[in-house]
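Enquirer: Quick one: this structure, given as structure tokens, is what I'll be asking you about.
The values are calculated or read from the model by the stated rules, or taken from the named source; none is laboratory data. Everything numeric in this text was worked out from a predicted model, so none of it was measured. In this analysis, Cβ positions are derived from the backbone assuming ideal geometry, glycine residues included, and neighbour counts consider all displayed protein chains. These area figures cover heavy atoms from the full protein model, side chains too; ligands, DNA and RNA do not enter into them. Shrake-Rupley method; radii C 1.70, N 1.55, O 1.52, S 1.80 Å.
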Amino acid sequence: MIGRLRAAARKAAGAGLAAIAVGVGAGAAIADTPIDPDTERASIVRRFQQRFPGRPLDDYVLGAFMLNPAGRAHYDDIMAFAPFLPDIERGRVLWETPLKDGRTYADCLPDGGRNLAGRLPRYDEAEARVVTFEMLLNRCRREAGEAEYRHDDRATMGLLTAWARTLSDGMRMDVRVDTPGARAKWDAGRALFHRRIGQMNFACVQCHVDNAGRTMRMEIISPVVGQATHFPLWRSGETLYTPHMRFTRCMEQVRAQPFPAGSEAFNNLEYYHATLSNGLPLQANVYRR
Amino acid sequence: MVLRSIGGVTGLAAVALLAGFAARGAGAAADTTLPGRAIAHAQERGNCLACHRMPADPGAVTEADLGPVLADLKSRYPDRAALRAQVWDARRANPDTLMPPYGAHAILTDAEIDAIVDYLLTL
């Protein structure tokens with residue numbers, strides 16, 4: 001898998017230029033005073049509300065379409081008869097097919113897997129690490145004697161989450177950072193979000209906080225608030241992206257060496273990223289450009 | 001500029017000189033024949049249009065508003081080396097810049113940067 005990602009990064013770098021690894025050539029991590037998750041979210045939301053006055057917070061789940069009436073109309077048209085609906089049905093089959101021990105994912109997860117995704121990722125004290133939705137699904141598989149799905153496999157893990165996350169549609173994101181152990185992982189995710197990486201020398205925060213709402217060539221840059229609510233998303237209406245697949249694509253575009261899907265670096269980043277959407281309603285499976 | 005492509009044909013050059021000034025006054029006429037133009041516009045190379053508008057070049061299709069509008073660069077950068085340094089590593093002028101360090105990170109070669117600077121000076 002890593003080899004394939006490296007190959008992709010090399011391809012993205014183009015013209016025989018090797019991608020510059022994370023950390024090399026990047027600016028120093030932004031050294032500011034410690035900030036807690038609630039203050040972080042509130043300060044970013046306040047900046048956006050000053051930039052986009054009068055916009056209800058729930059609208060942020062629309063991403064850049066919130067800021068583009070023509071794009072919004074296009075989005076509504078596609079969502080009215082989404083081309084990926086048959087794929088979600090394939091995900092439902094994966095979800096409903098009993099595992100080797102005869103149990104299903106619904107048997108394995110609390111409350112049948114309903115209203116669960118919005119509380120993830122979460123920090124697991126016993127394991128001393130961040131646990132994502134995908135990791136819980138794989139834990140069910142492991143306990144049933146099944147091989148785990150690869151975190152970068154659209155046809156298995158991707159489709160399974162496409163259905164499983166619909167069971168949390170409408171719930172409000174509630175990702176908590178309650179303990180020192182949790183906080184350390186959140187801090188690590190925040191540091192990566194702020195680190196300038198790759199040959200292009202971009203940090204997530206520069207585009208999706210500092211310059212959200214501005215236009216990169218022909219595309220409006222989406223605000224980070226709201227992004228975590230709508231995974232998986234379907235780019236062009238046909239290609240599924242889990243959060244880690246989307247992070248991978250971002251890193252390829254800044255010509256950095258992507259972390260593997262399912263890696264601790266991405267788990268921590270997803271943890272930080274998800275807290276910025278706390279309070280917003282989930283909706284799995286949306287169209288994105 | 002237009003002058004460069006027909007330079008040497010004295011009569012025409014004089015006419016073009018006047019036309020060039022007139023066009024410049026109206027805020028138009030980049031030299032679209034320069035090789036740096038394709039490098040500047042291409043997404044996988046300079047990708048300048050991701051962040052900058054170039055109003056003097058009608059073929060520079062973008063709605064970008066991340067970086068300054070690229071216009072009148074000849075008067076803004078009377079010293080060519082200063083413009084080249086900005087493309088090579090914009091962090092020297094502003095450590096917080098969003099602009100990728102095209103030379104310092106080997107995104108483009110020195111020759112490609114020189115070609116882009118030639119083109120930029122006609123905007």
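Enquirer: If you check A:Gly279, A:Gly237, which single one turns out to be over 19 Å from A:Leu136 (Cβ atoms), surrounded by fewer than 24 Cβ atoms within 10 Å (Cβ to Cβ) and either outside the structural domain of A:Ile78 (by TED's automatic domain parsing) or in contact with a Lys or Arg (Cβ under 6 Å, 6 or more places away or on another chain) (or both)? Quick ask: steps written out before the conclusion?
Expert: On the way: A:Gly237 fails: either outside the structural domain of A:Ile78 (by TED's automatic domain parsing) or in contact with a Lys or Arg (Cβ under 6 Å, 6 or more places away or on another chain) (or both).
That would be A:Gly279, the only listed residue that is over 19 Å from A:Leu136 (Cβ atoms), surrounded by fewer than 24 Cβ atoms within 10 Å (Cβ to Cβ) and either outside the structural domain of A:Ile78 (by TED's automatic domain parsing) or in contact with a Lys or Arg (Cβ under 6 Å, 6 or more places away or on another chain) (or both).
Enquirer: Another one. I need a count of the residues in the range A:157-201 that are hydroxyl-bearing (Ser, Thr, Tyr), assigned to a helix (DSSP H, G or I) and open to solvent by 30 Å² or more (accessible area, probe 1.4 Å).
Expert: The total comes to 1.
Enquirer: When you check B:Ala104 against the structure, is it surrounded by 19 or more Cβ atoms within 10 Å (Cβ to Cβ) and among the aliphatic types (A, V, I, L, M), yes or no?
Expert: It is false that B:Ala104 is surrounded by 19 or more Cβ atoms within 10 Å (Cβ to Cβ) and among the aliphatic types (A, V, I, L, M).
Enquirer: A follow-up question, please. Take the range A:219-232 and flag every residue that is open to solvent by less than 10 Å² (accessible area, probe 1.4 Å), within 21 Å of A:Met135 (Cα to Cα) and not in a helix (DSSP H, G or I).
Expert: A:Pro232
Enquirer: What number of residues within the range B:90-105 are at the interface with chain A (Cβ under 9 Å from one of its Cβ atoms) and either aromatic (Phe, Trp, Tyr) or outside any loop (DSSP other than H, G, I, E, B) (or both)?
Expert: Residues meeting the conditions: 1.
Enquirer: Looking at the range A:248-270, I want the residues that are part of a loop (DSSP other than H, G, I, E, B) and have a partner that is of a type in the set (Lys, Arg) with Cβ atoms under 8 Å, at least 6 apart or on another chain. Which pairs are those?
Expert: A:Gln257/A:Arg6; A:Ala261/A:Arg150; A:Gly262/A:Arg150
Enquirer: What's the number of the condition B:Leu120 fails, among (1) within 30 Å of A:Val209 (Cβ to Cβ); (2) away from chain A (no Cβ under 12 Å); (3) in contact (Cβ under 8 Å) with a residue 24 or more places away in the chain; (4) open to solvent by 20 Å² or more (accessible area, probe 1.4 Å)?
Expert: (4)
Enquirer: Any residue in the range B:42-58 that's facing chain A (nearest Cβ under 8 Å): show its pairings with residues that are among the hydroxyl-bearing types (Ser, Thr, Tyr) and open to solvent by less than 80 Å² (accessible area, probe 1.4 Å) at Cβ separation under 9 Å, as long as the two are six or more apart or on different chains.
Expert: B:Leu49/B:Thr62; B:Ala50/B:Thr62; B:Cys51/B:Thr62
Let's see how each residue does on (1) among the small types (Gly, Ala, Ser); (2) touching a Leu at 6+ places or on another chain (Cβ under 8 Å); (3) crowded, with 17+ Cβ neighbours inside 10 Å:
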| site | (1), (2), (3) |
| --- | --- |
| A:Asp87 | no, yes, yes |
| A:Leu94 | no, yes, yes |
| A:Lys100 | no, no, no |
| A:Ala106 | yes, no, no |
| A:Pro110 | no, yes, no |
| A:Leu120 | no, yes, yes |
| A:Ala128 | yes, no, no |
| A:Leu136 | no, yes, yes |
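Enquirer: If you take the residues of the range B:59-89 that are open to solvent by less than 60 Å² (accessible area, probe 1.4 Å) and of a type in the set (Val, Ile, Thr), which of them is farthest from the other protein chains (Cβ to nearest Cβ)?
Expert: B:Val87
Enquirer: Determine, yes or no, whether B:Leu108 is part of a loop (DSSP other than H, G, I, E, B) and modelled with pLDDT of 95 or more.
Expert: yes
Enquirer: Looking at the structure I just gave you, is A:Tyr287 over 20 Å from A:Asp174 (Cβ atoms) and of a type in the set (Ser, Thr, Tyr)?
Expert: Here the answer is yes, as A:Tyr287 does meet what is asked.
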